[in-house]
1. Any residue that is in a helix (DSSP H, G or I), under 19 Å from the mean Cα position of the chain (by Cα) and over 14 Å from Leu121 (Cβ atoms) - is there at least one of those in the range 37-46?
2. Somewhere in the range 44-58, is a residue under 30 Å from Lys187 (Cα atoms), among the β-branched types (Val, Ile, Thr), touching a residue at least 24 places away in the same chain (Cβ under 8 Å) and surrounded by 13 or more Cβ atoms within 10 Å (Cβ to Cβ)?
3. Taking into account only those residues within the range 132-155 that are among the acidic types (Asp, Glu) and assigned to a loop (DSSP other than H, G, I, E, B), which is nearest to the chain's Cα centre (by Cα)?
4. With (1) out of contact with any helix residue (DSSP H, G or I) (no Cβ under 6 Å at 6 or more places or on another chain); (2) in contact (Cβ under 8 Å) with a residue 24 or more places away in the chain; (3) part of a helix (DSSP H, G or I); (4) of a type in the set (Val, Ile, Thr) as the list, and Val18 as the residue in question, which single condition is left unmet?
5. Mind telling me which of the residues Asn85, Asn128 ends up being under 22 Å from Ala26 (Cβ atoms) and in the same structural domain as Arg19 (by TED's automatic domain parsing)?
6. Which residue is nearest to Gly17 (Cα to Cα), if the candidates are limited to the range 139-155 and must be aliphatic (A, V, I, L, M) and either surrounded by 10 or more Cβ atoms within 10 Å (Cβ to Cβ) or touching a residue at least 40 places away in the same chain (Cβ under 8 Å) (or both)?
7. Could you tell me which residue of the range 156-192 is surrounded by the fewest Cβ atoms within 10 Å (Cβ to Cβ), considering only residues that are among the β-branched types (Val, Ile, Thr) and within 25 Å of the chain's Cα centre (by Cα)?
8. Could you check, for the range 82-99, whether at least one of its residues is closer than 25 Å to Ser40 by Cβ and buried (at least 16 other Cβ atoms within 10 Å of the Cβ)?
Amino acid sequence: MKIGFIAPQSISVVNGGVRTQALMTAQSLVELGVEVVFISPWDDISDTEFDLFHVFTAGYETIGIVSRLRELHKKIIVSPVMFSNRGFKTIQRALTIEEKLSSLSKGIRSEFGIKKEVCNLADRILPNTSDEAELISKAFEIDSSKINVVPNGVELRFLSSKPELFIEKTGLKDFVLFAGQASAPRKNVLSLINAVQELEVDLVIIGDFDNTGY
């Protein structure tokens, strides 16, 4: 089997979860004997022979390529990477209003409208969690039979990790650990910091900090 991997160009400068997810998924597939090809924007895929294409993220950066793949009658798998604090009913109402106004505002699309279209164009949708799957199914009115949850995993190398070096360097043994992009508001790290202060426990943050106000 030959699979083409397509990810947004932004992962080249944002070394975050999407990039890690794509790389680790590719590694696991190769170990299973699958041929994985990372496709760049400069590659012509119209005449190439792939069994399917795996697109990472449903959004502005991928709607064009997904639409083109559908026109070419290619099989499309999408890992949507969708998160929202809004409930599915709120998203549904917003999309209903957008659809009614589309005749007056052609070319103006919301983030949710684009995500819905990408998910509808896909042959299979692979969210990371059951909550994400439920949100996509209900908010975008997509049959759950089209959705399969594929959780993010943990690299096997961590199985052999020992705590002694960390304890020696930091003096910390029992603590709350956060690992991820700490500067991303949706990770809710500020609330975590406030919570652990009330609990009077140590907090260790491992992750990227940028220069944003958050």
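1. no
2. The answer is yes; a qualifying residue exists.
3. Top of the filtered list is Glu155.
4. Looking at each condition in turn, Val18 falls short on (1).
5. Of Asn85, Asn128, the one residue that is under 22 Å from Ala26 (Cβ atoms) and in the same structural domain as Arg19 (by TED's automatic domain parsing) is Asn128.
6. Checking each candidate, the answer is Val150.
7. Taking the candidates together, the pick is Val176.
8. So far as the range 82-99 goes, yes, one or more of its residues are closer than 25 Å to Ser40 by Cβ and buried (at least 16 other Cβ atoms within 10 Å of the Cβ).
The values are calculated or read from the model by the stated rules, or taken from the named source; none is laboratory data. Note that the structure is predicted; figures quoted are calculated from it, not measured. Every residue, glycine as well, gets a Cβ built from its backbone with ideal geometry; the counts of neighbours run over all protein chains shown.
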